[in-house]
Amino acid sequence: MAGAIIENMSTKKLCIVGAILLVFQIIAFLVGGLIAPGPTTAVSYLSVKCVDTRKNHHKTKWLMPWGPNHCDKIRDIEEAIPREIEANDIVFSVHIPLPPMEMSPWFQFMLFILQLDIAFKLNNQIRENAEVSMDVSLAYRDDTLAEWTEMAHERVPRKLKCTFTSPKTQEHEGRYYECDVLPFMEIGSVAHKFYLLNIRLPVNEKKKINVGIGEIKDIRLVGIHQNGGFTKVWFAMKTFLTPSIFIVMVWYWRRITMMSRPPVLLEKVIFALGISMTFINIPVEWFSIGFDWTWMLLFGDIRQGIFYAMLLSFWIIFCGEHMMDQHERNHIAGYWKQVGPVAVGSFCLFIFDMCERGVQLTNPFYSIWTTDVGTELAMAFIVVAGICLCLYFLFLCFMVFQVFRNISGKQSSLPAMSKVRRLHYEGLIFRFKFLMLITLACAAMTVIFFIVSQVTEGHWKWGGVTVQVNSAFFTGIYGMWNLYVFALMFLYAPSHKNYGEDQSNDDLGVHSGEELQLTTTITHVDGPTEIYKLTRKEAQE
């Protein structure tokens, strides 16, 4: 009677394994909370208003806000009037980072949001559905004496969403509108030390370009990038976890192939889950330190999507393989209703990500949310994915209920058994339920820590110790799912305690009638665990 390790492991050993995993889980949280800094840093930039009086503005000339070759600057827009400077001659210049800092590949990405300071004027109010059109050039260099190299040059339209809380009268002229922040730019790598943004607001009254957008006084940017210290801790975790999961995955599959029967569906799905976890663990991000790989953010999203789709599919199949009758289980086709929503939802999110970050590979200023059509398309993908997720959880909750009801029904057969065998199967049922509860706890912990990280200030202070909550969330949850997959492959690997049926029956004090009541005679059909056999439908009996 061969079973999985979880069935042949004593309660004491199971508790020891659980304690070891709990220790590693605590370490994962502590690494992020006590060693790593915050995951990201936000830096505010105020643009400098430069004057470019050349006739051919389309010819590249990079205007620096400061330094030995700084541009001809004006302090405010009012200064431009006596100097007869037109709106088309003003360039808002932003140098990234602020002096005397340098950017680093350890920052991994740059995300910028835009804030416009718009003053109220009676003769120049913001029209309804107003759109600001910016001519944006982005350049980089790695030395303060080197020439700037153009990285991107695009026309960037953004819809204004502004309100004016005061009465629109002459005495309130000069007060600022309250405008929503706007998505501006995202770059998937930080391969250079210095970046320069030149932003123009070209005015063309005939084409209605930048007409009715109010009087823009200043342009402010907020740049967000990953902290280099957090990146190093994150890379170290991935480098440690990759061989750990890979080794146990190889060990697990080797034990499966040593069996006299072919692998069953549940074993294949656990192995596939191990592959997806290994795929997300592989620290290819190390190459981003030496190469300008702007697609790393998109690649990371795809890896996470594959893992979570595999995890959701595993939960469905894990429940189904413990409740379905022999004719329906051990075939992936029997789960198309439950796995279908996972596939559709994942595909919708993939298309959404390709429409956003996929386009940003060639145009870092692109955002799908900046147009009405793009917003409707994005919302459609998200709504469909949300509906699929709801359907999935309805299916999952129903299947979990069916499994526990099926087990409860089977427990009525236990009193007729001998004491030793009854205790044996009661232990198996307890461990199955325990694994289900651990799964629920992992999912709940992910949601709870995500909410906590969103509502807190980012760190807690206990005496002289500062705990980075957001970093602890990332490293702790990442470590938790690695430990979850590790535990699955270890506990559900075939046990080496293979012994004859007669001997097992004698050891357990069970007669052949009891054996046939709770298990099947064809091991390769019924699967890897005795609980798997125990919870079959009445069709087999």
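The values are calculated or read from the model by the stated rules, or taken from the named source; none is laboratory data. This is a predicted model, so every value here is computed, not measured. Cβ atoms come from the backbone with ideal geometry, glycine included; neighbour counts cover every protein chain shown. The protein model used for the area step is the full one, side chains on, heavy atoms only, and it has no ligands, DNA or RNA in it. Shrake-Rupley method; radii C 1.70, N 1.55, O 1.52, S 1.80 Å.
Of all residues in the range 81-133, those being over 32 Å from the mean Cα position of the chain (by Cα) and under 19 Å from W66 (Cβ atoms) number 6.
Going through the range 213-225 one residue at a time, which ones are touching a Ser or Thr at 6+ places or on another chain (Cβ under 8 Å) and either surrounded by fewer than 21 Cβ atoms within 10 Å (Cβ to Cβ) or under 21 Å from A87 (Cα atoms) (or both)? Within the range 213-225, D218, I219, R220, L221, V222, I224 qualify.
Scanning the range 178-212 for residues being surrounded by fewer than 20 Cβ atoms within 10 Å (Cβ to Cβ) and either charged (D, E, K, R) or closer than 14 Å to K121 by Cα (or both) gives a total of 9. Where strands (runs of 3 or more DSSP E) fall entirely within the range 50-141, those with at least 3 residues that are among the charged types (D, E, K, R) are at 131-141. Scanning the range 262-284 for residues that are under 16 Å from H331 (Cβ atoms) and either in a helix (DSSP H, G or I) or open to solvent by 20 Å² or more (accessible area, probe 1.4 Å) (or both) yields P262, P263, L265, L266, E267, K268, V269, A272. Against the conditions (1) within 30 Å of F230 (Cβ to Cβ); (2) in the same structural domain as M134 (by the TED database); (3) free of Cβ contacts under 8 Å to residues at least 40 places away in the same chain, H70 satisfies every one except (1). Looking across the range 362-393, the residues that are surrounded by 12 or more Cβ atoms within 10 Å (Cβ to Cβ) and either more than 23 Å from the chain's Cα centre (by Cα) or over 22 Å from V344 (Cβ atoms) (or both) come down to N363, P364, F365, Y366, S367, W369, T370, T371. Of all residues in the range 49-57, none satisfies being closer than 27 Å to E186 by Cβ, among the hydroxyl-bearing types (S, T, Y) and either buried (at least 17 other Cβ atoms within 10 Å of the Cβ) or in contact (Cβ under 8 Å) with a residue 24 or more places away in the chain (or both).
Among the residues of the range 155-178, count how many are under 29 Å from the mean Cα position of the chain (by Cα) and not basic (K, R). The total comes to 2.
Look at (1) open to solvent by 60 Å² or more (accessible area, probe 1.4 Å); (2) out of contact with any strand residue (DSSP E or B) (no Cβ under 8 Å at 6 or more places or on another chain); (3) within 26 Å of R155 (Cβ to Cβ) and you find that A87 fails only one, number (1).
Yes or no: F287 open to solvent by 20 Å² or more (accessible area, probe 1.4 Å), outside the structural domain of C179 (by the TED database), over 30 Å from K73 (Cα atoms) and part of a helix (DSSP H, G or I)? Yes. Does at least one position in the range 64-74 carry a residue that is aliphatic (A, V, I, L, M), in contact with a helix residue (DSSP H, G or I) (Cβ under 7 Å, 6 or more places away or on another chain) and surrounded by 14 or more Cβ atoms within 10 Å (Cβ to Cβ)? For the range 64-74, residues aliphatic (A, V, I, L, M), in contact with a helix residue (DSSP H, G or I) (Cβ under 7 Å, 6 or more places away or on another chain) and surrounded by 14 or more Cβ atoms within 10 Å (Cβ to Cβ): present. With respect to the conditions (1) open to solvent by 20 Å² or more (accessible area, probe 1.4 Å); (2) within 23 Å of L201 (Cα to Cα), I96 falls short on a single one, namely (1). Filtered by the rule that a residue be within 37 Å of the chain's Cα centre (by Cα) and among the charged types (D, E, K, R), the range 209-230 gives D218, R220. Quick check on the range 299-316. Is at least one of its residues farther than 26 Å from M354 by Cα, more than 22 Å from the chain's Cα centre (by Cα) and crowded, with 17+ Cβ neighbours inside 10 Å? Within the range 299-316 (the criterion being farther than 26 Å from M354 by Cα, more than 22 Å from the chain's Cα centre (by Cα) and crowded, with 17+ Cβ neighbours inside 10 Å), the answer is no, since none of the residues qualifies.
Table: residues versus (1) under 25 Å from Q226 (Cα atoms); (2) modelled with pLDDT of 85 or more.
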residue	(1), (2)
T456	yes, no
V469	yes, no
G476	yes, yes
M489	no, yes
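Residues in the range 380-420 that are among the small types (G, A, S) and either part of a helix (DSSP H, G or I) or touching a Ser or Thr at 6+ places or on another chain (Cβ under 8 Å) (or both): A380, A385, G386, S408, G409, S412, S413, A416.
From the list M110, M151, the lone residue that is open to solvent by 20 Å² or more (accessible area, probe 1.4 Å), among the hydrophobic types (A, V, I, L, M, F, W, C) and in contact (Cβ under 8 Å) with a residue 24 or more places away in the chain is M151.
Yes or no, residue by residue, for (1) of a type outside the set (S, T, Y); (2) modelled with pLDDT under 90:
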| site | (1), (2) |
| --- | --- |
| A146 | yes, yes |
| K168 | yes, yes |
| G188 | yes, no |
| Y195 | no, no |
| I219 | yes, no |
| G223 | yes, no |
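In the range 9-44, of all residues being buried (at least 17 other Cβ atoms within 10 Å of the Cβ) and polar (S, T, N, Q), the one that is farthest from G228 (Cα to Cα) corresponds to Q25.
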